[in-house]
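Worksheet: the structure to be examined is printed underneath.
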Amino acid sequence: MKRLAGQILTPQGFVAGAIEFADDGRIARIAGTPMELQAVRDSTEPLVLPGFIDLHVHGGGGRDIMEGRDAAARVAELHARHGTTALLATTMTAPAADLETAFAALKPVCAGRGARAARVLGVHLEGPYINGGKLGAQPDFARPVDAAELKRLHAMAPIRLITLAPEIPGNMEAIESLVAAGHRVQLGHTLGSYEDGVDALARGARGFTHLFNAMTGLHHREPGMVGAALAHAQYAEVIPDLLHAHAGAIRVALRAIPCLYCVTDSTAASGMPDGEYRLGRHKVTKCLGGVRLADGTLAGSTLTMDQALRNLVEVLGLDLADASRRVSTHAADYIGATDRGRLVAGAWADAVVLDRDLNLMDVYVEGASIELAQ
């Protein structure tokens with residue numbers, strides 16, 4: 001039985017002790033002495049946190065999910081090296097044939113896991129059921145919800161999360177049936193009003209895609225989709241690269257949305273040098289720490305989840321336990337993966353080992369080290 005020692009973050013707080021991993025990849029037991037937060041800060045022992053969970057991943061390591069073939073497997077390896085132990089492969093707005101190519105390649109990746117890769121839990125379908133007037137960096141193939149298309153794609157690879165614009169005719173009415181079919185629905189790439197957002201939440205939508213970005217903003221007489229999220233949401237995703245949203249805006253969301261969680265919205269440029277990369281049918285350029293279309297529009301990010309954690313702690317001032325929840329536990333709970341995103345007996349043995357500067361020392365996915373040194 002494998003054993004991992006350090007200062008371990010459990011749901012009850014930090015303990016100085018060890019985790020034992022069972023042969024089936026789950027946590028057998030955690031034993032240790034409770035620690036005060038100040039003692040954790042003062043110690044030189046490694047920190048052991050739940051593995052990161054990223055529900056919005058388009059690419060990484062030079063590969064794009066929409067390519068098909070072995071792209072998703074390579075993307076899962078890149079993000080595992082940055083502490084992500086589970087993720088949703090995220091598709092782009094695209095013609096049906098392009099989506100089917102991506103989904104056909106995702107089926108075996110969702111069914112199995114590479115030795116040094118994150119677990120791909122399923123698909124985040126970001127579009128095509130969005131508003132063509134709020135594409136952001138999405139290609140212009142937006143269309144209303146198509147039940148037959150969804151059924152066909154879901155049979156190829158499991159769709160866990162769907163982003164849609166509720167104001168598009170037919171989309172609002174589709175939310176209840178999508179939720180009943182087991183999909184999590186969230187709102188994004190939308191010109192919808194505050195009232196549209198509230199109505200969609202009442203019908204079963206649960207979250208918001210990259211909060212603040214590609215949605216109607218907050219105005220005191222027209223609160224917009226951002227206002228609906230801040231006033232009513234339990235969950236929303238945000239990109240904490242400090243380019244997509246100002247630190248002050250993220251602080252507002254942290255105060256308003258109890259289970260705000262972080263995503264990378266990462267692209268093929270993640271983990272790669274400056275240059276030109278693919279994002280769906282778009283060519284994008286990485287430079288100055290960001291990824292943009294030719295017209296300057298932000299087009300996903302180069303963020304990784306280990307940097308997201310550091311930004312939460314070092315820039316936004318969150319304590320480590322709160323920051324950890326926002327890069328793992330809340331996302332797991334949001335999609336119903338309650339055996340991930342926490343270090344407890346019976347959960348999957350997904351963990352990151354960090355030094356005092358929050359740099360990764362090791363990553364365990366389902367009890368197996370991915371061996372960062374290789």
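Taking the longest Cα principal axis of the chain as reference, the axis of helix 71-80 is set at about 40 degrees. A straight chain from L372 to E176 at 0.36 nm per residue would run longer than the Cα-Cα distance by 66.2 nm. In summary, the lysines within cross-link reach of K107, defined as a Cα separation below 17 angstrom excluding same-chain residues under 8 places away, comprise K151. Among residues other than F141 with Cβ under 10 Å from its Cβ, the summed charge is 0 (Lys and Arg +1, Asp and Glu -1).
Extension gain for D322 to A18 (0.36 nm times residue separation, less C-alpha to C-alpha distance): 107.3 nm.
Under 5 Å from the amide H of G51 lie the amide H atoms of G341, D350, A351, V352, each residue being 5 or more positions distant or on a separate chain, with H modelled from the backbone and absent for Pro and chain starts. Sequence-ordered 3J(HN,Hα) estimates for segment 269-277 from the Karplus curve with 6.51, -1.76 and 1.60 and θ = phi - 60° stand at 6, 4, x, 10, x, 4, x, 9, 9 Hz, glycine and proline given as x. Relative to the Cα centre, the charge distribution of segment 51-341, modelled as +1 at Lys and Arg Cβ and -1 at Asp and Glu Cβ, gives a dipole magnitude of about 600 debye. The distance between label points at L293 and T101 comes to 2.0 nm (points 7 Å beyond Cα on the Cα→Cβ vector).
Summed over qualifying helices (DSSP H, 4 residues or more, each -39500 (n - 2.57)) and divided by its residue number, the chain shows a 222 nm mean residue ellipticity of -7500 deg cm²/dmol.
Spacing of the modelled spin labels on A231 and A31, each 7 Å from Cα toward Cβ, amounts to 5.4 nm.
When only alpha carbons of the chain are considered, Rg and Dmax amount to 19.7, 60 Å. Dipole of the chain computed with +1 at Lys/Arg Cβ and -1 at Asp/Glu Cβ about the Cα centre; of V145, G133, A71, farthest Cα towards the positive end is A71.
Since every read-out is calculated from the coordinates, none of them should be taken as a lab result. Bear in mind that the values here come from a model prediction, so they are computed numbers and not experimental data. Counting neighbours? That spans all protein chains shown, and the Cβs are built from the backbone with ideal geometry, glycine included.
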